[in-house]
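Colleague: Encoded as structure tokens, here's the structure I'll be asking about.
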Amino acid sequence: MDTMTNTSVPLDVEVAIDHLMNVLSVEGITGQEANIAAAVSEALKKAGVPASAIRFDDANKRIPLPTETGNLIVDLPGTRPGPRLLFSTHLDTVPLCAGAKPRREGDRIVSDGTTALGGDARTGVALLIVVAETLLKNQLPHPPVTLLFTVREESGLHGARELNPADLKDPVMCINVDGQLASELIIGAVGQENWEVEIKGKASHAGVAPDEGISSTLVGAIALAEARNAGWFGKVVKPDGHGTSNVGIFGGKDGKPSGDATNVVTDYTYIKGEARSPELTFATKIVNGYEEAFARARSEVKDHEGGTADVTFRRQPAYPPFELGKDTPVVKRATEALKILGIEPTYLFSNGGLDANWLDKHGIPTITIGAGQARIHTINEYVNLTEYEKGCRLGLLMATMEG
């Protein structure tokens, strides 16, 4: 069914849904994107994109985790003059999506209830295919367009972080697809800094000579209590900034428990956490609070000779924050496109990281739009097809609008 409702560009809705069902059916968890990249490449070639326009970068060689392939990049020459536009989304899904079996139920696509679905961000993958196919099939006037399908977004935004911006041919703006509602324009996101600590205590018999041991679990427990009491845990609000923090791992070596018997003073503990804030400097302050808490805890736990644990605290920025003004060209372009569609935009600041964080850092102002993904990362995930259609129309308008 070819429809023209509320838009100046054509969209074959059923074909768009077929593309979505196809990409949802291809497994490609984070780090294992080769199969979905191949499926996307084939779909683009069938849509009329020449094989010479489809390429992979070498970002996977720089990603510090095993990654099957680099980012998939597609170049569409313009049919009219204008600055280059970039459309992006990510290929990978979370591991909970492995083995997903999508099926259509009315105006939704759902899984069989045993896995997540992968609408995050296969809605974006399908949308980019639809944009390319519709531009070519209908010979729509458009400026030069680059399509970017990143890898390992779900495990650290690595594809976007490690890409070489020069491979994108100098786009002036980017439309990233990784959200729920077409009306919600994500114009900024927090930054994140990760931290981890190794606590090496001293083992001793917990019944015979507990005073001769140095409990690493006790050091960790005191440190986290200190961090909470100082206002650095959970929702953090201080006179000079705000953010959030969490401790996600409290264990031993290689994912095993911290300690292996109740009658032995625990000699090793590993703890890992994160801090987020609209200002990366404040995320750093939150992590400073944790580091100071571990230093204080170390001095409070001693053996009978005054010995203390060896505490090694490490940190690493995960991604930078960003925020676009509403007068930024890409935000204005999205706003105008939504108005053409009769949709009132809302502007969001995300508390989670996006590929947009790194694309903006690379010098490409990036807005993130939605295309129907819902209840992501759960077995109750689904795709709202009404929102997916709206997202496709929004993407096509942004690709073809003058100015």
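The values are calculated or read from the model by the stated rules, or taken from the named source; none is laboratory data. Worth saying up front: this structure is predicted, and the values here are computed from it rather than measured. Cβ coordinates were reconstructed from backbone atoms using ideal geometry, including for glycine residues, and neighbour counts include every protein chain displayed. The accessibility values were calculated without ligands, DNA or RNA, using every heavy atom of the protein model including side chains. Shrake-Rupley method; radii C 1.70, N 1.55, O 1.52, S 1.80 Å.
Colleague: Of the residues in the range 41-62, how many are open to solvent by 10 Å² or more (accessible area, probe 1.4 Å) and part of a loop (DSSP other than H, G, I, E, B)?
Modeller: 6
Colleague: If I ask for residues that are at pLDDT 95 or above, hydroxyl-bearing (Ser, Thr, Tyr) and in contact with a Phe, Trp or Tyr (Cβ under 8 Å, 6 or more places away or on another chain), which ones from the range 218-269 would you list?
Modeller: 245, 269
Colleague: Considering only residues of the range 380-403 that are within 20 Å of the chain's Cα centre (by Cα) and either of a type in the set (Val, Ile, Thr) or open to solvent by 50 Å² or more (accessible area, probe 1.4 Å) (or both), which is farthest from residue 9 (Cα to Cα)?
Modeller: If we take residues in the range 380-403 being within 20 Å of the chain's Cα centre (by Cα) and either of a type in the set (Val, Ile, Thr) or open to solvent by 50 Å² or more (accessible area, probe 1.4 Å) (or both), then 380 is farthest from residue 9 (Cα to Cα).
Colleague: Please find, within the range 188-228, the residue that is nearest to residue 126 (Cα to Cα) out of those that are in contact with a helix residue (DSSP H, G or I) (Cβ under 6 Å, 6 or more places away or on another chain) and among the aliphatic types (A, V, I, L, M).
Modeller: If we filter the range 188-228 for residues that are in contact with a helix residue (DSSP H, G or I) (Cβ under 6 Å, 6 or more places away or on another chain), which is where we start, we get 189, 191, 193, 195, 197, 199, 201, 204, 219, 222-223, 226-227.
Those still in the list that are among the aliphatic types (A, V, I, L, M) too: 189, 197, 199, 219, 222-223, 227.
On the way: 189: 24, 197: 41, 199: 46, 219: 50, 222: 49, 223: 47, 227: 44 Å.
This residue is 189.
Colleague: Continuing with the same structure: Look through 159, 188, 201, 179 and report the one residue that is closer than 26 Å to residue 254 by Cβ and modelled with pLDDT of 95 or more.
Modeller: Details: 159 fails: closer than 26 Å to residue 254 by Cβ; 188 fails: closer than 26 Å to residue 254 by Cβ; 179 fails: closer than 26 Å to residue 254 by Cβ.
The unique qualifying residue is 201.
Colleague: Here's something else I'd like to know. Within the range 252-266, track down each residue that is open to solvent by less than 40 Å² (accessible area, probe 1.4 Å) and of a type in the set (Val, Ile, Thr).
Modeller: Selection gives 265, 266.
Colleague: May I pose another question? Can you say whether residue 88 is part of a strand (DSSP E or B), under 22 Å from residue 391 (Cα atoms) and of a type in the set (Gly, Ala, Ser), as far as the supplied structure shows? Reasoning before the result, please.
Modeller: On the way: part of a strand (DSSP E or B): yes; under 22 Å from residue 391 (Cα atoms): yes; of a type in the set (Gly, Ala, Ser): yes.
Criteria met by residue 88.
Colleague: Given the residues 238, 253, which is the only one that is of a type outside the set (Val, Ile, Thr) and either touching a Pro at 6+ places or on another chain (Cβ under 7 Å) or touching a residue at least 40 places away in the same chain (Cβ under 8 Å) (or both)? Give the steps one after another, and end with the answer.
Modeller: Working: 253 fails: either touching a Pro at 6+ places or on another chain (Cβ under 7 Å) or touching a residue at least 40 places away in the same chain (Cβ under 8 Å) (or both).
So the residue among 238, 253 that is of a type outside the set (Val, Ile, Thr) and either touching a Pro at 6+ places or on another chain (Cβ under 7 Å) or touching a residue at least 40 places away in the same chain (Cβ under 8 Å) (or both) is 238.
Colleague: Quick check on residue 319: is it of a type outside the set (D, E, K, R), closer than 20 Å to residue 354 by Cβ and in contact with a helix residue (DSSP H, G or I) (Cβ under 6 Å, 6 or more places away or on another chain)? Please lay out each step first, then the result.
Modeller: Numbers: of a type outside the set (D, E, K, R): yes; closer than 20 Å to residue 354 by Cβ: yes; in contact with a helix residue (DSSP H, G or I) (Cβ under 6 Å, 6 or more places away or on another chain): yes.
Yes; evaluated as a whole, the condition is true for this residue.
Colleague: For the range 146-168, check the following and say yes or no: at least one residue is closer than 21 Å to residue 83 by Cα and among the small types (Gly, Ala, Ser).
Modeller: yes
Colleague: Considering only the range 268-282, state which residues are more than 22 Å from residue 354 (Cβ to Cβ) and among the aromatic types (Phe, Trp, Tyr).
Modeller: 268, 270
Colleague: In the range 135-158, which residues are farther than 30 Å from residue 63 by Cα and either in contact with a Cys (Cβ under 7 Å, 6 or more places away or on another chain) or among the aliphatic types (A, V, I, L, M) (or both)? Don't jump to the end; show me each part of the working.
Modeller: Of the range 135-158, the ones farther than 30 Å from residue 63 by Cα are 135-143.
Within the range 135-158, 135, 136, 140 meet the criteria.
Okay, residues lined up against (1) farther than 19 Å from residue 55 by Cβ; (2) at pLDDT below 95; (3) among the charged types (D, E, K, R):
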position: 2; (1), (2), (3): yes, yes, yes
position: 5; (1), (2), (3): yes, yes, no
position: 8; (1), (2), (3): yes, yes, no
position: 13; (1), (2), (3): yes, no, no
position: 18; (1), (2), (3): yes, no, yes
position: 31; (1), (2), (3): yes, no, no
position: 36; (1), (2), (3): no, no, no
position: 39; (1), (2), (3): no, no, no
position: 42; (1), (2), (3): no, no, yes
